[in-house]
Amino acid sequence: MTSQLKDEVARLQREGHDVIALGVGEPDLPPPSAGREAFAAAVRRPDLAGYPTVKGEDRLRQAVAAFYRRRFGVEVDAEREVLPLLGAKEGLLHLGLTLLDPGDVALLPDPGYPVYMSAAAIAGARGEAMPLLAANRFLPDVDAIDADAAAAARMAIVSYPNNPTGGVADVDVFERFARFCVERGIVAVSDSAYTEITFDDYVAPSFLQAPSAREAGIEVLSMSKTFSAPGWRAAFAVGNAEVIAALQRLKTHVDAGMFRALQHAVAGLLDGHRASRAEVSATYQRRRDIVCDALEAAGVPVSRPKGGMFVWAPTPAGESALDFARRVARQAHVVVAAGSSFGPTGEGFFRLSLGVDDRRLREAMDRLVPLLRQTPGDDP
Ligand SMILES: Cc1ncc(COP(=O)(O)O)c(C=O)c1O
């Protein structure tokens, strides 16, 4: 959320309005009970209260490898190819510092999760946008990347199911991207936050299923959305052993690893993922339909996402993303994210999060849809 919009929302809340927050992608569901039980039991063990290691417990790294084998048919070396992260955000930021020097280029999806740009900027590198266009199913067009930028690039990020566009990618797309990176010595990073939230029988692949993926780079797998555990701050870097080792070296100077009791809990989540996945996906699919049905009934052209926890839709003609988000906040007391906050290509779009229950979501759409039919000039 932009700071202008944050201020607006804070003001509305201070004034006592019933604000429905669809601006951020925070799951409202609880983490699966098996994981919570495992956490409670582990917290009671004094032997797990000491300093962890950045590398993480064998039990956890094995659970990640078993997850990749079971879920994606991908063999991962738990010893050399898995590194726990304190959330994907931490991992992505430190990957930027690991892989990029000042003056380097990072190829970043536009629109994209804003931390990608932060990672490049903090490393002193330049972010080069890979526009994700509806006409290209929100996939990056590697042939359109500027040759000089590609030559100076050291890191390139893809993320599917995509935040914010809802686009999805198949293994062929990942392979083309991996080859592009391998041929130019660019480290590929697949930010995988939503592979386990998918709809209509669609099953999302892992980047690591692409034959060249391991040579190209790594996947960052977040526990936050799939396992409804954003506060646990748990994710993994999985894949290329050299990249993993470099990231581990940097992190050794930054943090001391994940709380050991939490590592046991996260291993429990991964072990029980099959049960939680279906339930979580069904919940978000129902919500996706509430939102998309309402938008379609209002004549808004929206592509029903096949995964993730967002709906991406165009703002009324002629109205900027930020103006629309502010008008919706002021008049409907509903917070949506302005598409432009994810990059210039997001201008003219807004993003709705599916992280509230059905009743509140229906109410949000009842309030918001009339504003889609109004022209901006109707704002009092
Ligand atoms: C694409 C994407 N990557 C990463 C994250 C952050 O994940 P984590 O909670 O593991 O830091 C998010 C959260 O919104 C996201 O949408």
Completion exercise
Of the residues in segment 329-351, those that are out of contact with any Phe, Trp or Tyr (no Cβ under 7 Å at 6 or more places or on another chain) and outside any loop (DSSP other than H, G, I, E, B) number 12
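I need a count of the residues in segment 273-328 that are assigned to a helix (DSSP H, G or I), more than 16 Å from L352 (Cβ to Cβ) and hydroxyl-bearing (S, T, Y). Step through it out loud before you land on a result.
Looking only at segment 273-328, we keep the residues that are assigned to a helix (DSSP H, G or I), and these are 273-297, 321-328.
Those still in the list that are more than 16 Å from L352 (Cβ to Cβ) too: 273-282, 323.
Going one step further and asking which of them are hydroxyl-bearing (S, T, Y), we end up with 276, 281.
Residues flagged as assigned to a helix (DSSP H, G or I), more than 16 Å from L352 (Cβ to Cβ) and hydroxyl-bearing (S, T, Y) within segment 273-328 amount to 2.
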Problem - Residue, surrounded by the most Cβ atoms within 10 Å (Cβ to Cβ), within segment 14-29, restricted to residues that are assigned to a loop (DSSP other than H, G, I, E, B) and away from the ligand (no atom under 16 Å from the Cβ) - result: V19
Practice task
May I ask you to list the residues in segment 77-98 that are hydrophobic (A, V, I, L, M, F, W, C) and crowded, with 24+ Cβ neighbours inside 10 Å?
Solution key: V82, L83, L85, A88, L92, L95
Problem - Exclusive hit being among the polar types (S, T, N, Q) and away from the ligand (no atom under 13 Å from the Cβ), set S222, S276 - result: S276
Practice task
Looking only at segment 351-372, decide whether some residue is in contact (Cβ under 8 Å) with a residue 60 or more places away in the chain, more than 27 Å from P114 (Cβ to Cβ) and of a type in the set (V, I, T).
Solution key: yes
Exercise for the section: Starting from residues that are more than 15 Å from the ligand (Cβ to nearest atom), touching a residue at least 12 places away in the same chain (Cβ under 8 Å) and among the charged types (D, E, K, R), keep the ones in segment 71-103 and report whichever is farthest from R274 (Cα to Cα). Expected result: D101
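Against the definition (in contact with a strand residue (DSSP E or B) (Cβ under 6 Å, 6 or more places away or on another chain) and away from the ligand (no atom under 14 Å from the Cβ)), how does M130 come out, yes or no?
Values: in contact with a strand residue (DSSP E or B) (Cβ under 6 Å, 6 or more places away or on another chain): yes; away from the ligand (no atom under 14 Å from the Cβ): yes.
It is true that M130 is in contact with a strand residue (DSSP E or B) (Cβ under 6 Å, 6 or more places away or on another chain) and away from the ligand (no atom under 14 Å from the Cβ).
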Problem - Scope segment 110-154; condition in contact with a Gly (Cβ under 7 Å, 6 or more places away or on another chain) and either closer than 18 Å to R176 by Cβ or open to solvent by 70 Å² or more (accessible area, probe 1.4 Å) (or both); matching residues - result: M117, I122, L132, R137, F138, L139
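The values are calculated or read from the model by the stated rules, or taken from the named source; none is laboratory data. Treat the numbers as computed from the prediction; the structure is a model and nothing was measured. For neighbour counting, all protein chains shown are included, and Cβ atoms are generated from backbone atoms with ideal geometry for every residue, glycine included. What goes into the accessible areas is simple: the full protein's heavy atoms, side chains included, and nothing from ligands, DNA or RNA. Shrake-Rupley method; radii C 1.70, N 1.55, O 1.52, S 1.80 Å.
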